[in-house]
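The values are calculated or read from the model by the stated rules, or taken from the named source; none is laboratory data. Note that the coordinates shown come from a computational prediction; the quantities given were computed from them, not determined experimentally. Cβ sites come from the backbone with ideal geometry, for glycine too, and all protein chains shown count toward neighbours. Heads up: the accessible areas ignore ligands, DNA and RNA and are worked out on the full protein's heavy atoms, side chains in. Shrake-Rupley method; radii C 1.70, N 1.55, O 1.52, S 1.80 Å.
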Amino acid sequence: AAEQTFIMIKPDGVQRGLIGEVISRFEKKGFYLKAMKLQNVEKSFAEQHYADLSSKPFFGGLVEYIVSGPVVAMVWEGKSVVATGRKIIGATNPLASEPGTIRGDFAVDIGRNVIHGSDSVENARKEIALWFPEGLAEWSSSQH
Ligand code: CMP
């Protein structure tokens with residue numbers, strides 16, 4: 001199957017009106033949207049999503065931020081979408097991300113960095129299973 005990644009527009013991105021901008025960049029690149037929902041998440045769910053970071057000093061603040069308003073959860077599919085998606089997003093710290101990337105263009109604060117993207121194919125698989133237990137949309141093969 002084609003590679004898939006999990007992308008989340010965080011509460012600051014939603015609040016600032018960047019949903020369309022993010023979707024547009026992934027669409028125009030040539031990736032396929034496979035699932036999408038706007039939702040508020042529970043603290044326990046945010047803790048599960050960021051479980052790998054539970055020992056970090058910023059973990060509590062990160063979880064509070066993610067539950068502070070609705071997020072947009074998405075699955076995107078296409079060639080090398082995990083690594084290329086992270087290039088579109090830019091470096092985690094917006095002060096290090098290049099202009100032309102989402103974080104480079106729209107953020108200055110590592111704690112308010114607009115968007116999340118899976119960092120490996122394995123983590124993408126886990127994150128997609130966590131966020132979309134109901135499954136993904138079907139595209140016919142002729143549409144790809
Ligand atoms: P994300 O790509 O979602 O992966 C983990 C998140 O933790 C990251 O984006 C940031 O939002 C957050 N993060 C990473 N490092 C820090 C930090 N030093 N201070 C606050 N938040 C951080």
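7 Å from Cα along Cα→Cβ at both Leu33 and Ala129: what's the point-to-point distance in nm?
2.7
Quick check on packing: order 112-122, 40-50 by the mean number of other C-beta atoms within 10 Å, highest mean leading. Intermediate results must be reported in sequence, preceding the final value.
Values: 112-122: 18.9, 40-50: 14.9.
Order by mean packing, descending: 112-122, 40-50.
For the Cα atoms of the chain, what angle does the longest principal axis make with the long axis of helix 19-29, in degrees from 0 to 90, nearest 10?
40
Restricting the count to DSSP beta bridges whose residues both fall in the chain, what percent are antiparallel, rounded to a multiple of 5?
Numbers: 16 of 17 bridges.
Here the antiparallel bridges make up roughly 95 percent for the chain.
Give the shape of the range 69-109 as rounded, prolate or oblate, defined through the alpha-carbon gyration tensor: a ≥ b ≥ c are the square roots of its eigenvalues, a/c under 1.5 means rounded, and otherwise the shape is prolate if a/b is larger than b/c and oblate if not. Walk me through the intermediate numbers first.
Working: a/c = 2.78, a/b = 1.26, b/c = 2.21.
In terms of gyration-tensor shape, oblate.
List the relative contact order of the range 16-144 as a percent without decimals, with contacts defined as Cα pairs under 8 Å and 6+ residues apart.
Details: 143 pairs, mean separation 31.7, N = 129.
Averaging sequence separation for qualifying contacts and normalising by length gives 25 percent for the range 16-144.
How much accessible surface does Met36 have with a 1.4 Å probe, in Å² rounded to 10?
Result for Met36: roughly 100 Å² accessible.
Convert each backbone phi in the range 57-69 into a coupling constant with the Karplus relation 6.51 cos²θ - 1.76 cosθ + 1.60 (shift: θ = phi - 60°), then list the ³J(HN,Hα) values in order as whole Hz, x for Gly and Pro.
Coupling constants for the range 57-69: x, 8, 4, x, x, 5, 5, 4, 5, 5, 8, 6, x Hz.
Using amide H atoms built 1.01 Å from N in the peptide plane, name the residues 5+ places from Lys34, or on other chains, whose amide H lies under 5 Å from its own.
Residues meeting the criterion, in which the H sits 1.01 Å from N, are Val75, Trp76, Glu77.
What accessible area, in Å² to the nearest ten, does a 1.4 Å probe give for Thr101?
Here the residue's solvent-accessible area equals roughly 20 Å².
Under unit Cβ charges (Lys, Arg +1; Asp, Glu -1), what dipole magnitude, rounded to 20 debye, does the range 9-144 have relative to its Cα centre?
Working: 16 positive and 16 negative charges, 55 e Å.
Computed about the Cα centre, the dipole is about 260 debye.
Largest first, please: the extent of the C-alpha atoms of the chain along each principal axis, to the nearest Å.
47, 34, 25
Which whole-angstrom value gives the distance between the alpha carbon centres of the range 1-34 and the range 84-144?
7
Rank-order 14-20, 138-144 by packing density, defined as the average count of other C-beta atoms within 10 Å over each peptide's residues, highest first. Mind showing how you got there, number by number?
Values: 14-20: 14.0, 138-144: 7.7.
Highest-to-lowest ranking by the protection proxy: 14-20, 138-144.
Per DSSP H run of at least 4 residues, take -39500 (n - 2.57); add these up for the chain, divide by its residues and hand me the 222 nm value, nearest 500 deg cm²/dmol.
Working: 7 runs with 56 residues, N = 144.
Value at 222 nm, helices only, nearest 500: -10500 deg cm²/dmol.
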